[in-house]
Amino acid sequence: MPTFTEARKIILDNVATINMERVALLDAIGRTLAEDMAAPWDMPPWNNSAMDGFAVRAEDCQGPATLRVTGYIPAGAVATAAVEPGCAIKIMTGAPIPPGADAVVPVEETVEGTDSVKILEQVKKRQHIRFAGEDIKAGDKVLAAGTAITSSGINMLASLGAALVPVFRRLRVAIVSTGDELVELGGQIGQGQIINSNALSLAAAVKEIGGEPVIIGIARDNRESHLHLLSQGLQADVLLTSAGVSAGDRDLVREVLTELGVRQLFWKVDIKPGRPTAFAMKDNIPVFSLPGNPVSTMITFEELVKPALLKMMGRKRIISPTYKATLTEEIRKKPGRLHFLRVTLGKGKDGYLATSSGNQETGIVRTMIQADGLALLPADKSVFAAGEQIDVHILNHNFEMEEA
Ligand SMILES: Nc1nc2c(c(=O)[nH]1)N[C@H]1C(S)=C(S)[C@@H](COP(=O)(O)OP(=O)(O)OC[C@H]3O[C@@H](n4cnc5c(N)ncnc54)[C@H](O)[C@@H]3O)O[C@H]1N2
Ligand code: MOO
């Protein structure tokens, strides 16, 4: 049985990045850039004013000075006339610096007359001018392939005229739930039935990282239904299944996948929760069979599926960082398997503090919602003392936000 890191390596060694497409800039938000982006021109493209005020020659303003105002340049205008000695041109923020000027004096530091302006303070050469290329030079790499496009990236790409951007195609992730006890959300819930919540939490998790979930439906506990839905699921880029992978009489997922030509690479991982997880490949389509207990489904997605999806989406950074946190209480577990302990996190004097979020049974969803992170408790140890440092994967950083 592979350990957690061995399982993750087998997965990552087998999945490959999907191909790219060009999309309109705004549609690229959250997508992964497929090529390095270089600036076709300088940013800013020309010297321009950082202030509303007066373009002057600094040498004219070394003491209190009165200058003749010979023109006005709003943003969007072209500066043709030069600033002559003893003169100034009124200028707005973003407008091009006229020839002859080497400084801008903000309007607050002047007294305006009818055709003249009094400069109140000594002026330094280059003050309040934004110089061509001081942000980005033509040819500079502004964004690297493999990074997610953010709203600030969109601003830069728009300024550089990138109307269409190369991004990796949206990853289509099929989701098949299995089990006779399942009913779709909104359906009539009979005796012994539960809502198919795993399909929705998996779909949401796929969306959160920029993928496109395709909910195929519920495979019932018979071979035909499994064959029908799993073969549909294999039309996508990735297939995720939930439940039907442990030792139950009707745990058919792996058997039917094999029938469909899927090659199993492992079944069972030395972790808790999530031991019955299976991973397989059908040609270049990875198939993750996740255990059905909702918390096991969510944790195996987070720890084993997500890095693979990020790699397929073309991301460079795919593995969650591990942070150190100090346990606020003693934790005991059985030795043998790596445990992912649901913890709440807080900020202490010397870093993060971790506290169990409560009942760690895999049927308990409440403590998963309350968890800010997952502590990785190593296989070989069983007692973790209060005050001990442990490794955590942060699930969300909201615990660091201040309350209103
Ligand atoms: N004899 C053994 N029994 C079990 C073992 C084992 O090794 N030997 N492993 C246990 C562990 S650990 C887990 S995890 C579960 C995983 O079982 P399956 O993946 O086969 O899932 P099911 O048994 O079908 O369901 C488990 C649980 O989850 C609920 N479920 C299933 N699908 C959904 C869904 N789409 N949405 C919400 N909830 C769902 C289901 O009703 C069950 O309660 O097996 C243990 N047993
Ligand atoms: O290994 Mo199961 O996923 O503990 O509940």
* Structure fact -> Largest fluctuation, Val365, Val56, Val295 only, Gaussian network model of the chain with Cα springs under 10 angstrom, belongs to Val56
* Asked: Can you give me the relative contact order of segment 180-274 as a percent, contacts being Cα pairs under 8 Å and 6 or more apart?
  -> 17
* Structure fact -> In a Gaussian network model of the chain with springs linking alpha carbons closer than 10 Å, the residue among Gln235, Gln389, Gln62 that fluctuates most is Gln62
* Structure fact -> Computed over the chain, the relative contact order (Cα-Cα under 8 Å, seq sep at least six) in percent reads 16
* Roughly how many whole Å is it from the C-alpha centroid of segment 1-42 to that of segment 138-192? -> 11
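What are the semi-axes of the equivalent ellipsoid of segment 2-118, taken as the square roots of 5 times the eigenvalues of the Cα gyration tensor, listed largest first and rounded to whole Å? All intermediate terms of the calculation are to be shown ahead of the outcome.
Details: eigenvalues 608, 51, 28 Å².
Ellipsoid semi-axes (Å, largest first): 55, 16, 12.
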* To do: Express as a percent, rounded to the nearest 5, the fraction of DSSP beta bridges in the chain (both residues included) that run antiparallel.
  => 65
* Structure fact -> Here the relative contact order (percent) of segment 7-155, from C-alpha pairs under 8 Å and at least 6 apart, is 36
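Looking at the square roots a ≥ b ≥ c of the eigenvalues of the Cα gyration tensor of the chain, which shape do they give, rounded for a/c under 1.5, prolate if a/b is larger than b/c, or oblate? Numbers along the way, then the final one.
Details: a/c = 3.39, a/b = 2.27, b/c = 1.50.
Prolate, since a/c reaches 1.5 and a/b exceeds b/c.
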* So how far apart, in nm, are the two label points at Leu25 and Ser152 if each is 7 Å from Cα heading toward Cβ? -> 1.7
* **Spin-label zone in segment 298-332 - amide nitrogen under 20 Å from a point set 7 Å from the Cα of Leu200 along the C-beta vector** => 298-302
* Inverting the mean 1/r over all pairs of different Cα atoms, compute the Kirkwood radius of segment 293-344 and quote it in Å. => 13.5
* Neighbour cut-off at most 15 other Cβ (10 Å), DSSP loop, trypsin sites (Lys or Arg not before Pro), segment 97-204 -> Lys124, Lys125, Arg126, Lys137
* Structure fact -> FRET efficiency for Ala75 and Arg317 from the Cβ-Cβ distance with R0 = 51 Å, rounded to 0.05, comes out at 0.85
* **Net charge, Leu304 excluded, C-beta distance under 14 Å - Lys, Arg +1, Asp, Glu -1** => +2
* Asked: Which residue fluctuates the most in the chain, going by a Gaussian network model with Cα springs under 10 Å, if the choices are Asn198, Asn48, Asn293?
  -> Asn48
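How do Tyr323, Tyr72 line up, fewest other C-beta atoms within 10 Å first?
Fewest to most other Cβ atoms nearby, the residues stand as Tyr72, Tyr323.
Of all the C-alpha pairs in segment 323-400, what % are more than 20 Å from each other? List each step's numbers first, then the result.
Values: 698 of 3003 pairs.
Everything past 20 Å amounts to 23 percent.
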* Where labels lie 7 Å past Cα in the beta-carbon direction, separation of Ala386 and Lys125 in nm -> 6.8
* Structure fact -> Log10 I(q)/I(0) at q = 0.21, 0.24, 0.26, 0.27 Å⁻¹ for segment 114-189, from Debye over equal alpha-carbon scatterers, is -1.07, -1.26, -1.35, -1.40
* Structure fact -> In whole angstrom, the spacing between the Cα centers of segment 84-98 and segment 246-299 equals 70
* Per the helix-only calculation at 222 nm, which mean residue ellipticity applies to the chain, given -39500 (n - 2.57) for every DSSP H run of n ≥ 4 and division by its residues, nearest 500 deg cm²/dmol? -> -4500 deg cm²/dmol
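Bear in mind these aren't lab numbers, they're just calculated from the coordinates by the rules spelled out. Worth saying up front: this structure is predicted, and the values here are computed from it rather than measured. Reconstructed Cβ throughout: ideal geometry from the backbone, glycine too, with neighbour counts over all protein chains shown.
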